[in-house]
1. Can you name the residue in the range 199-213 that is at pLDDT 90 or above and not in a loop (DSSP other than H, G, I, E, B) and, of all such residues, is nearest to ILE167 (Cα to Cα)?
2. Which of (1) small (Gly, Ala, Ser); (2) under 24 Å from PRO211 (Cβ atoms); (3) modelled with pLDDT of 95 or more is the odd one out, the single condition ALA120 does not satisfy?
3. Would you point out which residue out of LYS100, LYS164, LYS178 is over 20 Å from PRO71 (Cα atoms) and basic (Lys, Arg)?
4. What number of residues within the range 42-79 are among the charged types (D, E, K, R) and part of a helix (DSSP H, G or I)?
5. How do the strands (runs of 3 or more DSSP E) wholly within the range 97-191 filter down when requiring 1 or more residues that are within 22 Å of MET51 (Cβ to Cβ) and in contact with a helix residue (DSSP H, G or I) (Cβ under 8 Å, 6 or more places away or on another chain): which remain?
6. Just checking, which of VAL99, VAL88, VAL95, VAL18 is among the β-branched types (Val, Ile, Thr) and either at pLDDT 95 or above or touching a Leu at 6+ places or on another chain (Cβ under 6 Å) (or both)?
Amino acid sequence: MAESTKEATAEGAKVTTVAEGTDATAAPPAEPDSTTLASKKALVAAFETGMYSGNADIFTEDGVVQPPYAPPFPAKDFSGLILEYMKVMPEWGGVYKFVKENADGSVTVSSQQRFGTLQADLPALGPFPAVPLSEATERCKTVGTIYPFEAMTFTFNDDVSKIKTVIWDTAPDDATVKIDDMADCNVTDVPPHGGFGCLYAILMGKPPGPPPSLGPPPPEA
C-alpha cells in the first residue's frame, strides 16, 4: 500500500509518497486546486497591506490574530491596535512571503516586520505598557527596528473567502522566535529577536517581563 500527496511550495510542487511494503505502488497524487491556492495567496497579500491600514474585513467574524509574546486578539481588535501603534511609528510595514500550502488547507508564510522609529509618546495599548518618548531609548528614536523573517500560519473559512486565523509559529511563552531568515535584521542583540517582547525591550531598553497572557494575575483590589 502506498499513498502520494502533492503540495504547492514557493519552489514548485512537492510530491511525498508513503509506502508500506517493498512492492507497494501509489496512484498519482491529486493536483492542488490552483483556484483555491490563488485565493489563499490573495488573502495573504491582502493581510500584508490590510494589517497596517485597519482592514479587518478580510477576516471571518470570529477571526483571531496571535503574534509572539501576546495573547490571541480578535482580528478586529488587532487591526485597531496596529493603527494605534502606527500613529507613533508611522513607518511600520511588513514583508510577507508565501512558503507552502499544507495538507490541512492552511498556508505557511514567512514575515518580516519593519517598524521604523518611534516618533511620539506610545500610549498603553492592549496588554502592553505606555512608553513616553522622553523615556524611550535613543536607539528606537533614531534607528528603524527591523526583525528577521518569522514563520506564521494562516487558516481560512470553507470557501476561502476570508482569513480565519493568523498565528505566528512561536508560542507566546517561547523564549526563542521561530526564525526563517535573519535577512537584514538589526535586533540580533535583543533576544528573542521578534514578537512584541523584542519590540518593547528595544523601546524601553530592558526586558519587559513575561508575556502578558502568561504573567501573574493582577493583585485583588
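The values are calculated or read from the model by the stated rules, or taken from the named source; none is laboratory data. Source: prediction; values computed, not measured. Cβ sites come from the backbone with ideal geometry, for glycine too, and all protein chains shown count toward neighbours.
1. Taking the candidates together, the pick is LEU199.
2. With (1) small (Gly, Ala, Ser); (2) under 24 Å from PRO211 (Cβ atoms); (3) modelled with pLDDT of 95 or more applied to ALA120, the lone miss is (2).
3. Result of the check over LYS100, LYS164, LYS178: LYS100.
4. Number of matching residues: 3.
5. Values: elements: 107-116, 145-156, 163-168, 179-181.
Of the strands (runs of 3 or more DSSP E) lying wholly inside the range 97-191, those with at least 1 residues that are within 22 Å of MET51 (Cβ to Cβ) and in contact with a helix residue (DSSP H, G or I) (Cβ under 8 Å, 6 or more places away or on another chain) span 107-116, 145-156, 163-168.
6. From the options VAL99, VAL88, VAL95, VAL18, the qualifying one is VAL88.
For (1) under 30 Å from ASP57 (Cα atoms); (2) modelled with pLDDT under 90, each residue gets a yes or a no:
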{"position": "ALA136", "(1), (2)": "no, no"}
{"position": "TYR147", "(1), (2)": "yes, no"}
{"position": "PHE154", "(1), (2)": "yes, no"}
{"position": "PRO192", "(1), (2)": "no, yes"}
{"position": "PRO219", "(1), (2)": "no, yes"}
